[in-house]
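Nothing in this text is a laboratory measurement; each read-out follows from the coordinates by a stated rule. Computed from a predicted structure; not experimentally measured. All Cβ positions, even for glycine, are placed from backbone atoms using ideal geometry, and neighbour counts span all protein chains on display.
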Amino acid sequence: MKAIGIVPGRPETAGVVDLPEPPLSDGSLLVRTRLIGMCGTDVEIAVDGYGVPPPGEDRLVLGHESLGEVVEAPEGTGFEPGDLVVGIVRRPDPVPCPACAADEWDMCHNGGFVERGIKERHGYGSERFRVDPRFAVRLSPALGDLGVLLEPTSVLAKAVEHAERVGARGWFEPRVALITGAGPIGLLAALLVRQRGLETHVVDVVTQGAKPKLVADLGANYHSTPVGELPLAPDIVIECTGLGVVARDATRIAGPGAVIALTGISHSEHVMEARPDVMNKALVLGNKAVFGSVNAARRHYDQAADALARADPDWLSRLITRRLAPEDWPLALEKRPEDIKIVIDMAAGE
Ligand SMILES: [Zn+2]
Ligand SMILES: [Zn+2]
């Protein structure tokens, strides 16, 4: 069967590879893949060599953002043929560490976890995949192809949930949210905080294209002014650019008791003036909390599935800006200005 593969760090090796049928050891559910979402992580794997192929192999099958239809489900699994499902990315480490033992593999302490399509396990980017029911999430059939947005939404569901939990350490009634970055992650973050009824502000450098309108259609405010100049004192910040300077400025303008979730990573060469004592003082005197957030536990996938089911499907469909056949997947590595989410149609040509 066809799969989308690459040798990490060697973009010229990106292509379609022939893979045997998925092994039963991957899980009892057999799934026919519909769509695979591509994101910055895939580009990092291709260009920077971030990912790790399975032991003994030099090539990694991509696809950590999945969507498929169950073909085979043994009785007692809770799934049935035809169910729309997404596979969870991370698997707990084998020890397991206390966090993984508590099913919070997203908080793994020993780094021994594996991730489908990223770290030591092939991804879901093949015509069919297998997954254990414990790591499969069922979606409302009404979502259809939009279900491919579940995995990136789960990452934000975690960030927002953790922000609320951190905030709840004291009196916390968040009213204003700031999202930095209006890419797919920032837009999904804006969706989640809008669903909680927060006054939402999204800041990004672009002034044209689909992003400002997508933000406005959520009932949120779009800004293209530098973060440090925004006349806001947000209670929750979800930082999605990965730029240290943006994180610094967002932390500075955040209000008393604010919680700032950092969800992005960047490799910019930008050198900024940093005055740690000033930051220290702002955090202490403002009771502010900054935390990093990556990946998602099972409950965050379930929260994300609920959020997507409640969202306007027309709005969600506007996030998917390019759809490529498997043979053309390397084109997803070249980002175009109008791109939000690129998906690979693994059933194309069937
Ligand atoms: Zn991703
Ligand atoms: Zn662990």
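Excluding residue 282 itself, calculate the net charge of residues whose Cβ lies under 9 Å from the Cβ of residue 282, where each Lys or Arg counts +1 and each Asp or Glu counts -1. Show your work: numbers first, answer last.
Working: positive: 252, 281, 288; negative: none.
Combined, the nearby Lys, Arg, Asp and Glu give +3.
So how strong a dipole does the stretch 154-292 carry about its Cα centre when Lys and Arg Cβ are +1 and Asp and Glu Cβ are -1, to the nearest 20 debye? Please report the intermediate quantities before stating the final value.
Numbers: 13 positive and 13 negative charges, 49 e Å.
That gives the stretch 154-292 a dipole magnitude of about 240 debye.
Distance cut-off 32 Å, Cα to Cα: go down the list 211/281; 158/211; 119/341 and report the pairs above it.
Values: 211/281 35 Å; 158/211 23 Å; 119/341 22 Å.
Checking Cα-Cα distances, 211/281 exceed 32 Å.
For the stretch 169-214, what is the convex hull volume of the alpha-carbon atoms per residue, in Å³? Show your work: numbers first, answer last.
Values: hull volume 3.8 nm³, N = 46.
Convex hull volume per residue, Cα atoms: 82 Å³.
Using just the alpha carbons, could you tell me how many Å³ per residue the convex hull of the stretch 109-168 encloses?
Working: hull volume 8.4 nm³, N = 60.
Enclosed volume per residue, from the Cα hull, is 141 Å³.
Nearest 500 deg cm²/dmol is fine: what mean residue ellipticity at 222 nm does the chain get from its DSSP H runs of n ≥ 4 alone, each adding -39,500 (n - 2.57), divided by its residue count?
Working: 9 runs with 83 residues, N = 350.
About -7000 deg cm²/dmol.
Using Cα springs under 10 Å in a Gaussian network model of the chain, which residue among 179, 265, 45 shows the largest mean-square fluctuation?
265
What whole-number distance in Å separates the alpha-carbon centres of the stretch 329-348 and the stretch 300-325?
16
Taking H as built 1.01 Å from N, whose amide H comes closer than 5 Å to the amide H of residue 288, not counting residues under 5 places away?
Those lying under 5 Å, H to H, from residue 288 are 257.
Please provide three numbers in whole Å: the alpha-carbon extents of the stretch 154-292 along the principal axes, with the largest listed first.
For the stretch 154-292, the Cα extents along the three principal axes come out at 40, 36, 28 Å.
Relative to the Cα centre, what is the charge dipole magnitude of the chain, using +1 at the beta carbon of each Lys and Arg, -1 at the beta carbon of each Asp and Glu, and rounding to the nearest 20 debye? Numbers along the way, then the final one.
Values: 36 positive and 49 negative charges, 182 e Å.
So the magnitude is around 880 debye.
What are the ³J(HN,Hα) couplings of the stretch 256-265, residue after residue, when phi is run through the Karplus curve with 6.51, -1.76, 1.60 and θ = phi - 60°? Round to Hz, x for glycine and proline.
After applying 6.51 cos²θ - 1.76 cosθ + 1.60, I find x, x, 5, 10, 10, 9, 9, 10, x, 9 Hz.
Taking amide hydrogens as modeled 1.01 Å from N in the peptide plane, which residues meet the under 5 Å criterion relative to residue 113, leaving out close sequence neighbours?
Excluding prolines and chain starts, which carry no amide H, the hits are 93.
So which trypsin sites (Lys or Arg not before Pro) in the stretch 166-238 pass both tests, a DSSP loop state and at most 11 other Cβ atoms within 10 Å of the Cβ? Display every interim value, and only then the final one.
Values: sites: 169, 175, 194, 196, 213; in loops: 169, 175, 196.
Passing both the DSSP loop test and the Cβ count: 169.
When the Karplus curve 6.51 cos²θ - 1.76 cosθ + 1.60 is applied with θ = phi - 60°, which whole-Hz ³J(HN,Hα) does each residue of the stretch 116-122 get, with x for Gly and Pro?
Values per residue, Gly and Pro as x: 5, x, 9, 10, 6, 9, 4 Hz.
Express the C-alpha Rg of the chain as a ratio against the empirical globular expectation 2.2 N^0.38 Å, rounded to two decimals. Intermediate results must be reported in sequence, preceding the final value.
Values: Rg = 20.1 Å, N = 350, 2.2 N^0.38 = 20.4 Å.
Compared with the compact-globule rule of thumb, the chain sits at 0.99.
With only alpha-carbon atoms counted, please give the Rg and Dmax of the stretch 32-184, in Å.
17.1, 52
Enumerate the calculated ³J(HN,Hα) couplings along the stretch 49-55 in order (Karplus 6.51 cos²θ - 1.76 cosθ + 1.60, θ = phi - 60°), each rounded to whole Hz, writing x wherever the residue is Gly or Pro.
x, 5, x, 10, x, x, x
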